[in-house]
Amino acid sequence: PAPFGAVSPGRCPRLFAGHTSGVTALAFSPDGQSISTADDSGVIHSWDLDSSRCFKTMLGHDNAVYALDYSGGGGEILASAGADDTVRIWDHKDGLESVVTGIVPKIAPTKTFRTKNCPVVNVEFTRRNLLLAYGCRRLPVYHQT
């Protein structure tokens, strides 16, 4: 088999079918073995790059996920940022056996951090594995009468 990305012109190297709404975020694992994608409905899928099979579905966000990032080292942690005013932390290594079994587990976040009133638009792990997140604050709208 050809390595990932080595395809003839005009041919699709991999097709990852599973999202039911628009894909909004994507991140490659540090080991290069998997990819995670997120969508407008808040669903996150992790995919095995060799087989193009989904090995985990992560549920927890109530709205669109704007960003994904893996921790450094082995990439055991996946962080997600969402329109539901949260940053969620996921155990990425949990569920890897489903690539072999074919049973896709539905995983809940291991930790959720809520903002007061601010969609989180990006998350990023630093080289020292500190997680940075940012968003924009919604200001109240006052109507003059």
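Numbers at a glance
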item	result
Hits in region 44-57 (condition: touching an Asp or Glu at 6+ places or on another chain (Cβ under 6 Å) and open to solvent by 30 Å² or more (accessible area, probe 1.4 Å))	none
Members of region 36-73 that are in contact with a His (Cβ under 9 Å, 6 or more places away or on another chain) and farther than 16 Å from residue 106 by Cα	40, 70, 71
Whichever residue in region 14-44 is among the polar types (S, T, N, Q) and outside any strand (DSSP E or B) and, among such residues, is farthest from residue 87 (Cα to Cα)	33
The one condition in (1) open to solvent by 50 Å² or more (accessible area, probe 1.4 Å); (2) modelled with pLDDT of 90 or more; (3) more than 20 Å from residue 28 (Cβ to Cβ) that residue 66 fails to fulfil	(3)
Exclusive hit being acidic (Asp, Glu), at pLDDT below 90 and surrounded by fewer than 19 Cβ atoms within 10 Å (Cβ to Cβ), set 91, 84	91
Condition check for residue 41: exposed (fewer than 15 other Cβ atoms within 10 Å of the Cβ) and modelled with pLDDT of 85 or more	no
Every residue from region 69-80 that is surrounded by 17 or more Cβ atoms within 10 Å (Cβ to Cβ) and of a type in the set (D, E, K, R)	69
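The values are calculated or read from the model by the stated rules, or taken from the named source; none is laboratory data. Computed from a predicted model, the values in this text were never measured in an experiment. Glycine also receives a Cβ, built like all others from the backbone with ideal geometry; neighbour counts cover every protein chain displayed. Ligands, DNA and RNA are excluded from the accessible area calculation, which covers all protein heavy atoms including side chains. Shrake-Rupley method; radii C 1.70, N 1.55, O 1.52, S 1.80 Å.
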